[in-house]
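Asks: Mind having a look at this structure? Questions to follow.
The values are calculated or read from the model by the stated rules, or taken from the named source; none is laboratory data. Values in this document were obtained by computation on a predicted structure and should not be read as measured data. Here the Cβ positions follow ideal geometry from the backbone for every residue, glycine too, while neighbour counts run over all protein chains shown. When the accessible area is computed, the model is the full protein with side chains, heavy atoms only, and any ligands, DNA or RNA have been set aside. Shrake-Rupley method; radii C 1.70, N 1.55, O 1.52, S 1.80 Å.
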Amino acid sequence: MTHVKYRRTAASLIPLALVSASLLTGCAYLPGGGDEQRTVTVWLMKDSASDAFLKRFTKSFEAKNPGLRLDIRIQEWTGIGEKVSAALGQAKGEPASEDAADGPAPDVIEVGNTQVPQYVDEGGLLDLSLESARDFGMEDWLPGLAEPGMFHSRQYGIPWYAANRVVIYNKDLFAKAGIKRPPRTRAEWLDVTRRMNTQGDQGIYLAGQDWYTLAGFIWDEGGDLATEDGGIWEGSLQSPAALRGMEFYRQLQALGRGPKDADEEHPPQSGEFAKGDVGQIVAVPGVAQAVEQQNPELKGKLGYFPIPGKTSAKPGSVFTGGSDLVVPENTDDRDGAVAVVKALAGEKWQKDLARTMNYVPNKTTLSDAVADEPGVAAMAAGAARGRATPVSPLWAKVEADNPIKAYMSKVLAGAAPAEEARAASRRITKELDASGP
């Protein structure tokens, strides 16, 4: 996936409060501010935080930092890559773009966690390694946010919030099959799914091209989608570990009637689950609300558990989506920008954001903030085992015409896994070849 594509998916699956247009000007100035104040311009993405959260944050931040005022400008995900690249390339003091609504060049930018390597490779991001170790508590960060924010052992992206997939299940179908508790291992998961896959019911609805879910199984086995050696990236779906992950996916997918040649959005799996004859789906917790809207009879009948691991000692690995905060090198106010990042990524506002938006906080030590929300709590448990896509700055090229999806469909249709994996890996390697055309 390109990260832009992920964001569309995440935004459609996790119900987020809309940020009102009035915020674009309403939180930029604090009454009584004098000319001595410095303005920190912050670009945040639409729907990442609610109007109320940003107003609370702005009021508190400006009260604690009387020399600073915030100018928060909300951006659309569509076309944001080009916009950020342009802003990072501007000389100090120049406007970010020709669009007057963008105002001054940003001092802090929210970017998709998997986008950070691309921006670092293009140049223009501030190295925040010192602040990360000294002030930000990086030792507790979620790996799925922290790892893509690091490039060549330097930290550029500061984790802000995360979201990942869990298993959403139909409690009635669990009870009908005599299942008293959610499974905690892969073997148990196959067993309970098989028990529900009877009498017209589907044990699970799992589309054949849900490669995010496959990635977790591959990581659990010790494999990866691509590996790097001496700066050279190569696809690695043909490794024994990756093939074991694909085999588990094949077994699980067969315990339902999900299409082998489509992903989870074609048709939307929420609609399939809403029919009431599906035991489980793999999705972010917010999908449950879409399911209940389509079938109100399922309200109160849906449960959540982390994707099971190979043993009960820990959940399975999951793909982590979400956002990091970055600071452009060309900022006119390094100290002000770092202060904003420190506050947004700090404990107080992390807990507030997580509770407001049903996100996973950026640190494993803050998961108690969402303990009262079953779906988010399950998500947080999985997030501790979260990963991101390979940190090659060219990974977006892989997702543009994703060979992993085609590989999955062919294997599920009966093709030889090792042969198809090698073919898909060759395509991945070609896309990640920085010396190519």
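Asks: Subtracting the Cα-Cα distance from 0.36 nm times the residue separation, let me have the gained length for I232 to E373 in nm, one decimal.
Replies: In short, 46.5 nm is gained.
Asks: A follow-up question, please. Identify which of D229, D368, D47 has the largest mean-square fluctuation in a Gaussian network model of the chain, with springs joining Cα atoms closer than 10 Å.
Replies: D229
Asks: Between A418 and H266, how high is the FRET efficiency from 1/(1 + (r/R0)^6) when r is the Cβ-Cβ distance and R₀ = 25 Å? Nearest 0.05.
Replies: FRET efficiency, A418 to H266: 0.35.
Asks: Between E82 and A187, with labels modelled 7 Å along Cα→Cβ, what's the label distance in nm to one decimal, could you check?
Replies: So the two model labels end up 5.4 nm from each other.
Asks: Reachable aspartates and glutamates from K363, Cα under 18 Å, same-chain residues fewer than 8 places away excluded?
Replies: Partners within reach: E110, E131, D135, E139, D140, E147, D324, E347, D352, D372, E373.
Asks: Tell me whether the stretch 314-437 comes out rounded, prolate or oblate; compute the Cα gyration tensor, take square roots of the eigenvalues as a ≥ b ≥ c, and use a/c under 1.5 as the rounded threshold.
Replies: The shape class here is oblate.
Asks: Rounded, prolate or oblate: which one fits the stretch 108-188, using the alpha carbon gyration tensor with axes a ≥ b ≥ c (rounded when a/c is under 1.5, else prolate when a/b beats b/c, else oblate)?
Replies: Prolate, because a/c is 1.5 or more and a/b exceeds b/c.
Asks: Which of rounded, prolate, oblate describes the stretch 373-428, given a ≥ b ≥ c as roots of the alpha-carbon gyration tensor eigenvalues and a/c under 1.5 marking rounded, otherwise prolate only if a/b is larger than b/c?
Replies: Judged from the Cα gyration tensor, the stretch 373-428 comes out oblate (a/c at least 1.5, b/c at or above a/b).
Asks: As a test of the formula, what do you get for the chain when each DSSP H run with n ≥ 4 contributes -39,500 (n - 2.57) and the sum is divided by the residue count, at 222 nm and rounded to the nearest 500 deg cm²/dmol? Mind dumping the intermediate values first?
Replies: Numbers: 19 runs with 172 residues, N = 437.
One gets -11000 deg cm²/dmol as the mean residue ellipticity at 222 nm.
Asks: So for S312, S48, what's the accessible-area order with a 1.4 Å probe, most first?
Replies: The ranking, largest first, comes out as S312, S48.
Asks: Next question, about the same structure. On the accessible surface of the chain, probed at 1.4 Å, how many percent belong to carbon and sulfur atoms? Numbers along the way, then the final one.
Replies: Values: 8970 of 17880 Å².
Of the solvent-accessible surface of the chain, carbon and sulfur hold 50 percent.
Asks: Moving to a separate point now. Please identify, among G375, G414, G316, the residue showing maximal mean-square fluctuation in a Gaussian network model of the chain using a 10 angstrom Cα cutoff.
Replies: G414
Asks: Straight-line reach only, C-alpha to C-alpha below 17 angstrom: list the lysines that K397 could link to, leaving out same-chain residues fewer than 8 apart.
Replies: The qualifying lysines are K5, K405, K430.
Asks: Run the 1.4 Å probe and let me know the accessible area of Y161, rounded to the nearest 10 Å².
Replies: 10
Asks: Setting aside same-chain residues fewer than 8 positions from K176, which lysines have a Cα under 29 Å from its Cα?
Replies: K260, K275, K299, K301, K310, K314
Asks: While we're on this one: Sticking with the crude label model, points 7 Å out along Cα→Cβ, report the distance from T198 to A400 in nm, one decimal please.
Replies: 5.0
Asks: Evaluate 2.2 N^0.38 Å with N set to the residue count of the stretch 219-281, then give the Cα radius of gyration divided by it.
Replies: Its radius of gyration relative to the 2.2 N^0.38 Å reference: 1.49.
Asks: Just the accessible area per residue of the stretch 307-424, please: how many Å² with a 1.4 Å probe?
Replies: Value returned for the stretch 307-424: 36 Å² of accessible area per residue.
Asks: GNM, the chain, Cα, under 10 Å: largest mean-square fluctuation among P403, P374, P268?
Replies: Top of the fluctuation ranking is P268.
Asks: If you don't mind, there's one more thing I want to ask. Could you tell me the calculated FRET efficiency between R250 and E36, based on Cβ-Cβ distance and R0 = 56 angstrom, to the nearest 0.05?
Replies: According to the calculation, E is roughly 0.30.
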